[in-house]
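Step one of this worksheet: look at the structure below.
The values are calculated or read from the model by the stated rules, or taken from the named source; none is laboratory data. These numbers come from a predicted model, not from an experiment. Here the Cβ is made from the backbone with ideal geometry for all residues, glycine too, and neighbour counts use every protein chain on show.
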Ligand code: ATP
């Protein structure tokens, strides 16, 4: 490696099978250019001489055959390594590719691959790599993100899916033109596991329909990302997703115990599911609780303002009485006199309650629903989100940030339970 000169520009040579790992803090940018050879960032190939900005990211530039790179700016951390799981990841891709080709020949469904493992083992990264390799091989895989903690497709709190038709943009991330989104309103499924299950089932039903209507989408299959909660209820929810989304390949990253537990159980209950274990990459960066919280805020900001602040969200004011805002859960218990003898009364976790006090919505995200009526709020996907910036109780108005100016597509809104403080 040549050190950065006074101009802050340096050239780096990467040997075949090596990766350059870089961390660039939020609010800072480093520019990368491929001068010679070939290189990729999590499966997205770099074009020769294309200047790519890396900011607020931790990335690895990997080269199968070696390359020369130019770097402008100083990353916060940078080193190279030849200890990567990329060969194993490529083997997995080859296996999935063969299954997709068989599926196309037999007019069947391609593999539905669920990536599971504890937090910070590189699950999202492996999903990106497998999606990119699939796209580069001519497929149109569907990406489904079941990790409501981070929300890589829209905002945190969502179960969402999107077709991936082009390599994932290194600067802009996943495509967001036509996502299918369901809002749980919380970054943790433990707050309302019944709601999480319900929305996974809704998503699965719609994805089945989409796959049936397009042979290319059907043969391409799916790549699903999971949350890092793998014990107790978290483990039960993983199994529920495997079953509901009819996953037939499960990749367990970086956890022997989870691998042995899942493979043992699935061998008995669903022997056709292939369960494979994969190592964690040494490059994966461990994130603290605070960093995860900060990342959630960044995701919400990016939703409204764009990665490069290229979007112009609109701040608007509405009369609260013109909106119908509902929240989920905490419904009143049924009186025991109304229950069969011996049954106990429990709160309905899917009960919808109309929000009457706008003050409680301050600094929360509201999902704008596609549902035609309140009873269908949890059955229909959402159109997008607004963020409540201010509430004027005296005037009975709320001021919100929306991705664009103009009336909302619907006045039927689903309230989230977590607060995000945007500056
Ligand atoms: P979570 O527990 O949040 O679901 P995860 O298991 O999905 O995490 P990733 O998000 O894939 O883990 O990786 C964590 C961080 O490490 C990300 O910022 C990612 O870009 C970074 N990362 C992954 N692989 C590498 C690598 N080889 N070199 C450098 N950074 C990496």
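Listed values, structure above:
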read-out: Residue ID - nearest to residue 108 (Cα to Cα), chosen from residues in the range 237-267 that are in contact with a helix residue (DSSP H, G or I) (Cβ under 7 Å, 6 or more places away or on another chain) and within 16 Å of the ligand (Cβ to nearest atom); value: 250
read-out: Which numbered condition residue 207 fails, given (1) within 12 Å of the ligand (Cβ to nearest atom); (2) closer than 23 Å to residue 151 by Cβ; (3) at pLDDT 95 or above; (4) touching a strand residue (DSSP E or B) at 6+ places or on another chain (Cβ under 9 Å); value: (1)
read-out: Hey, residue 90 within 15 Å of the ligand (Cβ to nearest atom), touching a helix residue (DSSP H, G or I) at 6+ places or on another chain (Cβ under 8 Å), part of a helix (DSSP H, G or I) and more than 25 Å from residue 180 (Cα to Cα) or not; value: yes
read-out: Helices (runs of 4 or more DSSP H) fully within the range 223-322 counting 2 or more residues that are closer than 28 Å to residue 173 by Cα and in contact with a strand residue (DSSP E or B) (Cβ under 7 Å, 6 or more places away or on another chain); value: 232-244, 289-305
read-out: Every residue from the range 371-392 that is within 17 Å of residue 200 (Cβ to Cβ) and assigned to a loop (DSSP other than H, G, I, E, B); value: 377, 378, 379, 380, 381
read-out: Residue selected from the range 30-57 under the condition within 16 Å of the ligand (Cβ to nearest atom) and farther than 19 Å from residue 125 by Cα, by the criterion surrounded by the fewest Cβ atoms within 10 Å (Cβ to Cβ); value: 30
read-out: Single unsatisfied condition, residue 148 versus (1) over 19 Å from residue 384 (Cβ atoms); (2) surrounded by 24 or more Cβ atoms within 10 Å (Cβ to Cβ); (3) within 11 Å of the ligand (Cβ to nearest atom); value: (1)
read-out: Residues of the range 102-129 that turn out to be assigned to a loop (DSSP other than H, G, I, E, B) and away from the ligand (no atom under 16 Å from the Cβ), as a count; value: 6
